[in-house]
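This report concerns only the one structure given below.
The values are calculated or read from the model by the stated rules, or taken from the named source; none is laboratory data. Please read these numbers as outputs of a predicted model, since none were measured by experiment. So basically every Cβ, Gly included, is an ideal-geometry build from the backbone, and we count neighbours across all protein chains shown.
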Ligand code: IVH
C-alpha cells in the first residue's frame, strides 16, 4: 500500500466506523457484529501507527462512540467515562501483563470480571441518595436518564448503611435479561413492530425512552462494576466492589482476585462456556489492576485506561453438515430459504436450522448439497451460515439452486426486478397467505379480535372451519370449544370479541382487508374521501389518486383487489355479518370527547403518526396547539418527548398522557 492508498483507506475506515458508532450507540441498531467492528478499529489503529502523518485528534480511535441525543439534558461526568482496549488473543493479555509489570513497582494483582453486554451507566450519590444517572454519552458528557433509572428496582435510590462516603459514583451496566428480551420481541412481533437484534440494543434503546412508565414495563436490571470518588472505603478495586455489594448494589458474584497470568487465563477459560447459562449476555472478561495506586501510576490513553483490558470471546462458530434447504412461505408470500443442519452445539443451544435470507445469499456462499458449513451466533437470535468448508466438498455435489415453484401451492415463483426476494403470486389460494390475511384481519390494529392467536387460527384453517375473514363471523362457540387448548370460556370470549368487531370503524376494516400497500394511514385517507366501500368500488384510478399522497401504485393495488370477484364476495359477506363498510355511522358514534381541549403533541408514537393524532384530535372536537402554556389541557406524549416541553409541563402542573391513555379516552382501545 502506498501513502495515497493508505490515506484513502484511513479516511474510509474513519467514516465507516463513525457510521457504525451512530448505528450502535444512537440508533441501537448495529449493522455489523462486534467482532467485525473490532476488526475495522484494529485495521485503522494499525494504519495510523504505520502512517503517523495522517494523525487526527478526531479519529474514532481517539474517542469513544457517542450515545448523546437531543432529547435529554446533558451533564458533565465528574470522571470521564472511557472505553476499554480489547483483544481476542491470550497473547495480547500476556503483553498487557508484561507492560503493567514493567510500568509499576511492587506486587501486582488483578481483578477479573465478566464483561456484561448492555449500556453503561454512571450514577452519582450524595448523602446516601441517588442524585443523577448519566449515560456514557461522548465520554465527557452524558444524557441525564435519572427518571428512567429510578424505575429499575435493583438500583438503590437510598443506601441503608451510614458508612457510605458523602458522595460517590457507582458505575455499571444496564441489562435486559435474556428472558425479558425474548418476551419483548415476541410481543413486538405480534404488534408488527421492529424487533431488537439483541438484549444490548433493547436495553440501551429502553434507557432512551421518554416515558418512565414504559421503561418500568421493560424490566431492566443492572450490574455494577466500579466505585469512584475522592473518599473511597478501600485502596483497591476488589474491596471497593465488596463494599458496593454491602451497600445493596447488585454486583455479579463472578469477580475474582487473580495473582498471575495463569489465574487470569483460568478465569477466561472457566467462563468461556459457562457464560451461556447466565441470565444476561456477556461478551468477554475485563482484567483490571487491583491497586488504585498502581492504576493511578498507569494512567490513561486518550480512549481507555492502561490498567485494564477486555478479553473478548470470539463469536462461537461450529462446523456442521448441510442436510437440505427448505423453503418457508411467509404470510405475505415471500419465500425464505432455510438451511437444515445436522444438529450441533453452539453457544449453549443446539442449532438445527440457520437462515439463508434469499437466493443471492445462497449464490454468495456458493452453497452445494451436503456442504460442511460454518454457523455463527453473533449476538443475534437466529444463527447464520458464515462460510463453507470447500476442501471437504465432494466433486459430484451439485450447487443449491433456488426452487422455482411455491412449496405450499405449486405456483411458479416470481422475483421482481431489483428485489432480493422471490414470492408466490397466488395470493388468494396459497395456504400461508390465506392464514396471514386472516391473522392480519384479527390483529389489534385491525379488527382487534382477542383470543385468536396464530396457533388457533392455523387450527381453524386446518380443520376447514375458516377459509377467509368472513368465515369468522359464522363460527359457533361449540366449534371453537371443541378445539384442543380452548375451553368453553375462551370460546365464548372469542365469539364475543368477534361480535364486538362489528363496531370497528370503516377505516380500520379497510386496513384489515389486507390490500397490498394499504396500511393504516392510507386506509384512513381513503376512508375520508370515499366514505363507503361501495363508493370506493365505483371510483376510477384517477379519482383515487386525487387523494393526498395516494399514487398510482396504491390506486392500482386497490383497484385490482376490488376487481376480483372473490374479494367482492368476501366484502358482501362481511356486510351481511354487520361489519362497518361505511363511515357515516362512525361519525355519529364519534362524539366530542375532546371538546374544548388544547392538546400539545410531543414525541414519537407507535400506534398512529403525529399527523394522524392531529387529525384525531380535531375529529374528537379538540385543538392541537404547538407550545405548552397554562391554557394547555394536557400533553399527548410519545417516546422521546422533548425535554423542554416536559420541563415546562412539570413547571405548570400540566398532565402528561401517554399514547395508551389517550387511545383509551377516544375509545380506540
Ligand atoms: S470497567 C474505563 N468492567 O464495557 C472503562 N466495564 O468497553 C472501565 N463493561 O463502557 C470499564 N462489564 O459499559 C468495566 N466488568 C466491567 C464491565 C464493563 C461491561 C462495559 C462498560 C464499558 C465497556 C467498555
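Table for the structure above
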{"read-out": "Residue 492 touching a helix residue (DSSP H, G or I) at 6+ places or on another chain (Cβ under 7 Å) and surrounded by fewer than 19 Cβ atoms within 10 Å (Cβ to Cβ)", "value": "yes"}
{"read-out": "Meets criteria (within 25 Å of residue 36 (Cβ to Cβ), touching a strand residue (DSSP E or B) at 6+ places or on another chain (Cβ under 6 Å) and in contact (Cβ under 8 Å) with a residue 12 or more places away in the chain) for residue 346", "value": "yes"}
{"read-out": "Number of the condition not met by residue 72 [criteria: (1) away from the ligand (no atom under 16 Å from the Cβ); (2) surrounded by 20 or more Cβ atoms within 10 Å (Cβ to Cβ); (3) farther than 30 Å from residue 603 by Cα]", "value": "(3)"}
{"read-out": "Residue count for the stretch 85-128, restricted to those that are out of contact with any helix residue (DSSP H, G or I) (no Cβ under 7 Å at 6 or more places or on another chain), within 16 Å of the ligand (Cβ to nearest atom) and modelled with pLDDT under 95", "value": "2"}
{"read-out": "The stretch 288-307, residues that are within 13 Å of the ligand (Cβ to nearest atom) and either out of contact with any helix residue (DSSP H, G or I) (no Cβ under 8 Å at 6 or more places or on another chain) or without any contact (Cβ under 8 Å) to a residue 60 or more places away in the chain (or both)", "value": "295, 299, 300, 301, 302, 303, 304"}
{"read-out": "Considering residues of the stretch 251-269 that are assigned to a loop (DSSP other than H, G, I, E, B) and out of contact with any helix residue (DSSP H, G or I) (no Cβ under 9 Å at 6 or more places or on another chain) only, the residue farthest from the ligand (Cβ to nearest atom)", "value": "259"}
{"read-out": "Residue among 389, 371, 366 that alone is touching a strand residue (DSSP E or B) at 6+ places or on another chain (Cβ under 9 Å), more than 27 Å from residue 185 (Cβ to Cβ) and buried (at least 19 other Cβ atoms within 10 Å of the Cβ)", "value": "371"}
{"read-out": "Index of the failed condition, residue 354 passing every other in (1) out of contact with any strand residue (DSSP E or B) (no Cβ under 8 Å at 6 or more places or on another chain); (2) without any contact (Cβ under 8 Å) to a residue 60 or more places away in the chain", "value": "(1)"}
{"read-out": "Tally of residues being without any contact (Cβ under 8 Å) to a residue 60 or more places away in the chain, away from the ligand (no atom under 16 Å from the Cβ) and in contact with a strand residue (DSSP E or B) (Cβ under 8 Å, 6 or more places away or on another chain) across the stretch 231-242", "value": "1"}
{"read-out": "Of all residues making up the stretch 270-321, the number that are under 31 Å from the mean Cα position of the chain (by Cα) and not in a strand (DSSP E or B)", "value": "18"}
{"read-out": "Residue match in the stretch 325-334 (condition: over 27 Å from the mean Cα position of the chain (by Cα) and part of a strand (DSSP E or B))", "value": "yes"}
{"read-out": "Given (1) closer than 22 Å to residue 142 by Cα; (2) at pLDDT 90 or above; (3) more than 13 Å from the ligand (Cβ to nearest atom); (4) surrounded by 15 or more Cβ atoms within 10 Å (Cβ to Cβ), number of the condition residue 228 does not satisfy", "value": "(3)"}
{"read-out": "Candidate set: the stretch 205-220, residues that are crowded, with 21+ Cβ neighbours inside 10 Å and outside any helix (DSSP H, G or I); chosen: the one nearest to the ligand (Cβ to nearest atom)", "value": "220"}
{"read-out": "Residue 133 vs. criteria free of Cβ contacts under 8 Å to residues at least 40 places away in the same chain, in contact with a strand residue (DSSP E or B) (Cβ under 6 Å, 6 or more places away or on another chain) and either at positive phi or within 16 Å of the ligand (Cβ to nearest atom) (or both)", "value": "yes"}
{"read-out": "Conditions (1) at pLDDT 85 or above; (2) assigned to a loop (DSSP other than H, G, I, E, B); (3) farther than 29 Å from residue 524 by Cα: number failed by residue 631", "value": "(1)"}
{"read-out": "Residue match in the stretch 180-188 (condition: at pLDDT below 90, under 26 Å from residue 130 (Cβ atoms) and surrounded by 15 or more Cβ atoms within 10 Å (Cβ to Cβ))", "value": "yes"}
{"read-out": "Qualifying residue in the stretch 313-327 (condition: within 16 Å of the ligand (Cβ to nearest atom) and surrounded by 16 or more Cβ atoms within 10 Å (Cβ to Cβ))", "value": "yes"}
{"read-out": "Any chance residue 333 is more than 16 Å from the ligand (Cβ to nearest atom), surrounded by fewer than 16 Cβ atoms within 10 Å (Cβ to Cβ), touching a residue at least 60 places away in the same chain (Cβ under 8 Å) and at positive phi", "value": "no"}
{"read-out": "Boolean, residue 82 is within 16 Å of the ligand (Cβ to nearest atom), in contact with a strand residue (DSSP E or B) (Cβ under 7 Å, 6 or more places away or on another chain) and under 21 Å from residue 312 (Cβ atoms)", "value": "yes"}
{"read-out": "Number of positions in the stretch 513-533 that are at pLDDT below 95 and in a helix (DSSP H, G or I)", "value": "10"}
{"read-out": "Residue list for the stretch 33-65, restricted to those being surrounded by 15 or more Cβ atoms within 10 Å (Cβ to Cβ), in a loop (DSSP other than H, G, I, E, B) and away from the ligand (no atom under 16 Å from the Cβ)", "value": "51, 59"}
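Residue-by-condition table, conditions (1) over 29 Å from residue 362 (Cβ atoms); (2) surrounded by fewer than 19 Cβ atoms within 10 Å (Cβ to Cβ); (3) touching a residue at least 12 places away in the same chain (Cβ under 8 Å):
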position: 426; (1), (2), (3): no, no, yes
position: 429; (1), (2), (3): no, yes, yes
position: 436; (1), (2), (3): no, no, yes
position: 444; (1), (2), (3): yes, yes, yes
position: 447; (1), (2), (3): yes, no, yes
position: 453; (1), (2), (3): yes, yes, no
position: 460; (1), (2), (3): yes, no, yes
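To keep it simple, each residue is scored yes or no on (1) under 14 Å from residue 661 (Cα atoms); (2) in contact (Cβ under 8 Å) with a residue 24 or more places away in the chain.
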{"position": "599", "(1), (2)": "yes, yes"}
{"position": "602", "(1), (2)": "no, yes"}
{"position": "612", "(1), (2)": "no, yes"}
{"position": "619", "(1), (2)": "no, yes"}
{"position": "622", "(1), (2)": "no, yes"}
{"position": "631", "(1), (2)": "no, yes"}
{"position": "641", "(1), (2)": "no, yes"}
{"position": "644", "(1), (2)": "no, no"}
